[in-house]
1. Loop by DSSP (not H, G, I, E, B), at most 14 other beta-carbon atoms within 10 Å: where is the longest site-free stretch of chain A for trypsin sites (Lys or Arg not before Pro)?
2. Take the alpha carbon atoms of region B:86-236, find their radius of gyration, then divide it by 2.2 N^0.38 Å using N residues; give the quotient.
3. What trypsin sites (Lys or Arg not before Pro) in region B:72-169 are in a loop by DSSP, with at most 16 other Cβ atoms within 10 Å of the Cβ?
4. By the gyration tensor of its Cα atoms, with a ≥ b ≥ c the square roots of the eigenvalues, what is the shape of region B:94-182: rounded for a/c under 1.5, prolate for a/b over b/c, or oblate?
5. Test of understanding: ordering A:THR192, B:THR175 by Cβ neighbours within 10 Å, fewest first, what list do you get?
6. List the residues whose amide H sits under 5 Å from the amide H of B:TYR184, counting only those 5 or more places along or on another chain, with H placed 1.01 Å from N in the peptide plane.
7. Expressed as a whole percent, how much of the Cα-Cα distance distribution for region B:1-133 exceeds 24 Å?
8. Can you give the net charge of the other residues whose Cβ lies under 14 Å from the Cβ of A:ILE81, counting K and R as +1 and D and E as -1?
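Coordinate-derived values only; no laboratory data. The model shown is predicted, which means the values in this text are computed figures rather than measured ones. When we count neighbours, we look across all protein chains shown, and the Cβ atoms used for this are built from the backbone with ideal geometry, even at glycine.
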Amino acid sequence: MAKYIFVTGGVVSSVGKGITVASMGNILKSRGIEVSVQKLDPYFNVDPGTMSPYQHGEVFVTKDGAETDLDLGNYERFIDIELTSLSNTTSGQIYSSVISKERRGDYLGGTIQVVPHVVCEIKQYFHQLAEISQADVILVEVGGTVGDIEGQPFLEAIRQMRKDVGRDNVLYIHVTLLPYISTTKELKTKPTQHSVNELRRIGIQPDVIICRSDYPISDSIRDKLSLFCDVEREAVIPLPNVETVYEVPLILETEHMGDLLVKKLGLNARQ
Amino acid sequence: MVKLLKDVVEPVNIVLVGKYVELEDAYYSVRESLCHAGLHNSCCVNISWVQSEDIERDGPDHHLCHAQGIIVPGGFGVRGIEGMVRAANYARENKIPYLGLCLGMQVMVIEFGRFVLNDPKANSAEFDPDTINPVIDLLLEQKGVSSKGGTMRRGNYPCKLLPSSLAAASYNADTVYERHRHRYEFNNKYRDCFEQAGMVYSGLSPDGELVEICEIKDHPWMVGTQFHPEFLSRPNRPHPLFCGFIARAKKVLREGAQPTLPLSQ
């Protein structure tokens, strides 16, 4: 059965979550683990095909003709896989599917609600990708940041997954930004503490925190985040800016990210 | 690979002429594909992002004089089209390597119609629905489709390559599968007269009905593709067409560098 890694973002968006997810896929694949990836986009467009490139960037086209988020391009390039329409799910798709089921009478007169109906629909998409791809690990990136109104059904769905498929088969990773205050010349952890608190309020305790920053991250900051966010120290992974995005998998490897994922999910990895 | 990426120094100046250049993410895969192809050719691709409307305003010389290669990526709508046509014209007349992707190929066809076949009315039915010479026309399957979402010709389709063409030399294959996303195509009514004037259809759909790749006979490297090759480039496996484009653009550096020597002495 497939195991799941759910990746959420905190503090701000555009922090490099897509590259981080793609890099994790790359390091897992290099250990002989089959991976597939899914991107959840909370907006209500069915796909980004009709959106202005100014709003959304490039529209990436998969082999089966799906018009998808540009992060799928990063997944394909970093992991060297070919994805399909199953790998990009939007609120627009979820809701239109729920509503057409309701019109067909599939819910037998029930009142349609976000919990359980919309959330169940989202979980169906996870299971469907797992079944069709037959991958060992499904990486799921939740678009936007924790606390967005549109993102809440997705967060609820990933929270329920831990109960559905078992504690040992699910890992939550939170990608945040440590802002730099130039007057005091220090990186601040408070926004990360807040976004982790927000995640916990929803019922998700992150297992790993990946910290993006413009400057190197000291050991004392790692200790502090470990203490305040209740995450093991080796699971606080610093990821400062790099010259080229293709360096990110190498940085994650030097921080032992690959071994950490293998250990936490109990994967059969090739050395 | 990362070490290579940081170590390469030889620059190649590529100008990308598009309408969304203010946001580089709009051409994310194109940018990455150029980077992969540069790496493969041991050079560092410097991309200048030029708004095609600026070419309409200032003329092509000002923006393209340093270009060793010109790339016109995909897009929709009439804004900026004339600037792209002038960029294609500049590339053809000055023999600068040119790669047109989707809209970039259609622009190349319009330019050829206007300036080689001397037909100023040549246009795409997308930009002027009433044009009398629609060298680019709506796909037959698209006639009558009014819904905008998810209705284009999309995804993988095969393309048969013409032996001994630039495209076939780049791919070193006879049939390739490439990803598409378009509503318009080369109008087959104009195929014969374009061919006589020096356009080569180096890639066709297997039934021969749809022009997938075209190139210009008397030009070092001018290739337009109806599909989007940028989606298949990988860091360790750069796309053949991007590789061929950069390899040719690199040579423009050597040849182009000579006239800057003090020739008078």
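1. Values: sites that count: A:LYS185, A:ARG270.
Longest gap between qualifying sites, sites excluded: A:1-184.
2. Numbers: Rg = 14.9 Å, N = 151, 2.2 N^0.38 = 14.8 Å.
This ratio for region B:86-236 stands at 1.01.
3. Working: sites: B:ARG79, B:ARG86, B:ARG92, B:LYS95, B:ARG114, B:LYS121, B:LYS143, B:LYS148, B:ARG153, B:ARG154, B:LYS160; in loops: B:ARG79, B:LYS95, B:LYS121, B:LYS143, B:LYS148.
In loop regions of region B:72-169 (DSSP not H, G, I, E or B), the sparsely surrounded trypsin sites (Lys or Arg not before Pro) are B:ARG79, B:LYS95, B:LYS121, B:LYS143, B:LYS148.
4. Working: a/c = 2.43, a/b = 1.12, b/c = 2.16.
Because a/c hits 1.5 or more and a/b fails to exceed b/c, region B:94-182 counts as oblate.
5. On the way: A:THR192 26, B:THR175 11.
Exposure proxy ranking, most exposed first: B:THR175, A:THR192.
6. Residues meeting the amide H criterion: B:LEU139.
7. Details: 2638 of 8778 pairs.
Counting every Cα pair in region B:1-133, those more than 24 Å apart make up 30 percent.
8. Working: positive: A:LYS29, A:LYS39, A:LYS63, A:ARG77, B:ARG234, B:ARG237; negative: A:GLU34, A:ASP64, A:ASP71, A:GLU76, A:ASP80, A:GLU82, A:ASP136.
My count for the surroundings of A:ILE81 gives -1.
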